[in-house]
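Step one of this worksheet: look at the structure below.
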Amino acid sequence: MSSLLLAGGRVIDPAQQFDAVADVLLVDGKVSAVRQNITAPADAERIDVSGLVVCPGLIDLHVHLREPGQSAKETIAAGTRAAARGGFTSVVCMPNTSPAIDNSAAVALIHEKAEREACVNVFVAGAITKAIAGEELAPIGSLKQAGVVAITDDGHCVQNNELMRRALEYANMFDLPVLDHCQDYALVSDGVMHEGYWSTLLGLRGWPSAGEEMIVARNILLAEITGARVHCQHLSSVRSVELIRAARQRGISISGEACPHHFTLTDAVIAGSDRFWRSDGRDIFGVKDRGDSLPTWPNFDTNFKMNPPVRSARDREAILDGLADGTLDIICSDHAPHCDYEKEVEFDYAPFGITGLETELPLSLMQLYHAGRLPLADVIAKFTVGPERLLRLEKGTLKTGADADVTVIDPDVDWEFRRQESASKSKNTPFEGWPMKGRAVLTIVAGKVVWREQTALVTV
Ligand SMILES: [Zn+2]
């Protein structure tokens, strides 16, 4: 028997609306008990977590692990180490690999590789269409049989509405949610940043908000006629949030997710750090007191290029409002690693995407909890019950008998993010040198410690 006792922490389990100081006993990979003054078995390891928050292992349902085919950018081994450092015990990997995960053999390959090399649970999303080409449906039934937890063409977007309707009908038959990267190709064309003041000033081609909203609206209509569970990925604009809010009020099975970069940054970042800190950056929690020690970056820094792009301060506020009022009930990273040589080109030519697993929780704590928009339990819910409700992974709670996936958080620690310390194979983060408040200090998967911030914890 292997036992681990987490002693004296503040246990927050949103699934059970539990929030109290208690011990957590993990035995043989399962949660054995959560209550005060547990007497652990004699051979149990005991970790003092007083003053810290103990919660169900966090879930990130939008991660690019880049295998197969793009292991120069990321691997299952390195990507899951980054997940563990960020406090995540489960991730869902996206199928836009090379080749795409559009058949059962590809799903089996990921499962086998993850079994050997991953330090956190890896769930697989399959493709909606063959080769993510948007032309012909992937074998959705056999993907389900192979164990995918959702389907998505992420990175791409099915443009043919009739094909998307059939995808939703099949997915519904197999009880699979459909995750959609919302992008109208004709409207977006070759836009590289948010279409607005800064794109005009900088002379970069704009990616208009309507390019996202058009597909969000399409998805709402199709969710209504098919009854399928449709989930809009990485939402970035005011009207996307408004559309989802109104549709959910009408009882339509639609949901949305938000990424920390969309609710922290704005398009002013592409004009360089000076412009950002003097304008939209002033309102970010904790940066006011930093004076001259704020991080700097040049204009046209490609580590701020992602898809969809970061938008205006109004859009950022709308995403935060959507998270605060429950319109958006899931936070994810869209961890999208790229090699340095790929990003070190002109802004127009750089690939879209940034890493995010290790900055996701602190930025969420800063912008939501520390900024006073949400209580801590509600922030944790966006990483636990939120994704669990959509994907039904049988994760995201500390109920007795549940898998012993646990994250211990120090919500108040001040620290600075350094890309050199990242476990990801790629370092394309916009948050180099950023002041952070709060982080995971201990990540436990199936009762085993997979990440531990050495300074914060004492074994007794
Ligand atoms: Zn995407």
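The values are calculated or read from the model by the stated rules, or taken from the named source; none is laboratory data. Small disclaimer: the values here were computed from a predicted structure and weren't measured. Counting neighbours? That spans all protein chains shown, and the Cβs are built from the backbone with ideal geometry, glycine included. The area values use the complete protein model at the heavy-atom level, side chains included, leaving out ligands, DNA and RNA. Shrake-Rupley method; radii C 1.70, N 1.55, O 1.52, S 1.80 Å.
A few remarks follow.
- For the pair Val413 and Asp274, label points projected 7 Å from Cα toward Cβ lie 3.6 nm apart.
- Cross-link table Lys73/Lys305; Lys30/Lys73; Lys425/Lys448; Lys288/Lys395, entries beyond 28 Å C-alpha to C-alpha: Lys30/Lys73; Lys288/Lys395
- Taking N as its residue count, the alpha carbon Rg of segment 109-251 over 2.2 N^0.38 Å: 1.16
- Length available on full extension from Gln249 to Lys130: 0.36 nm per residue minus the Cα-Cα distance, which gives 39.4 nm.
- Between Asp348 and Thr296, the contour length at 0.36 nm per residue exceeds the alpha carbon distance by 16.6 nm.
- Centre separation in Å (Cα based) which lies between segment 285-345 and segment 240-264: 18 Å
- Relative contact order [Cα under 8 Å, 6+ residues apart], segment 140-277, whole percent: 21 percent
- Distance between the C-alpha centres of segment 52-70 and segment 402-422: 13 Å, rounded to the whole angstrom.
- Shown here: segment 1-158, whose C-alpha atoms stretch 59, 30, 26 Å along the first, second and third principal axes, sorted largest to smallest.
- Rolling a 1.4 Å probe across the protein heavy atoms gives segment 88-178 an accessible surface of 39 Å² per residue.
- For Lys399 and Asp325, the difference between the fully extended length at 0.36 nm per residue and the C-alpha to C-alpha distance is 24.0 nm.
- For segment 373-446, applying the loop criterion from DSSP together with a ceiling of 13 other beta carbons within 10 Å to the GluC sites (Glu not before Pro) yields Glu394.
- Percent accessible area from carbon and sulfur atoms, segment 250-392, protein chains only, probe 1.4 Å: 46 percent
- Estimated dipole of segment 76-206 in Debye, rounded to 20 [Cβ of Lys and Arg +1, of Asp and Glu -1, Cα centre]: 420 debye
- Legend: calculated FRET efficiency, Ala20 to Ala210, from the Cβ-Cβ distance at R0 = 41 Å, rounded to 0.05, equals 0.30.
- Once the gyration tensor of the Cα atoms in the chain is diagonalised, the equivalent ellipsoid follows with semi-axes of 33, 27, 20 Å, ordered largest first.
- Each principal axis of the Cα cloud of segment 307-451 was taken in turn, and the coordinate range along them, longest first, works out to 53, 36, 32 Å.
- Cα gyration tensor shape of segment 210-290, rounded if a/c is under 1.5, else prolate or oblate by comparing a/b with b/c: prolate
- Sequence-distant aspartates and glutamates (8 or more away, or on other chains) whose Cα lies within less than 13 Å of Lys144: Asp102, Asp175
- Residues in segment 406-414 carry Karplus couplings, in order, of 9, 10, 10, 10, 9, x, 10, 5, 8 Hz; the curve used is 6.51 cos²θ - 1.76 cosθ + 1.60 with θ = phi - 60°, and Gly or Pro positions show x.
- The calculated FRET efficiency for Glu421 paired with Asp340, based on their beta-carbon distance and R0 = 22 Å, is about 0.85.
- Computed FRET value (nearest 0.05) for Arg116 with Ala42, which takes r as the C-beta separation and R₀ as 41 Å: 0.80
- Segment 1-105: relative contact order as a whole-number percent, Cα under 8 Å and 6+ apart: 24 percent
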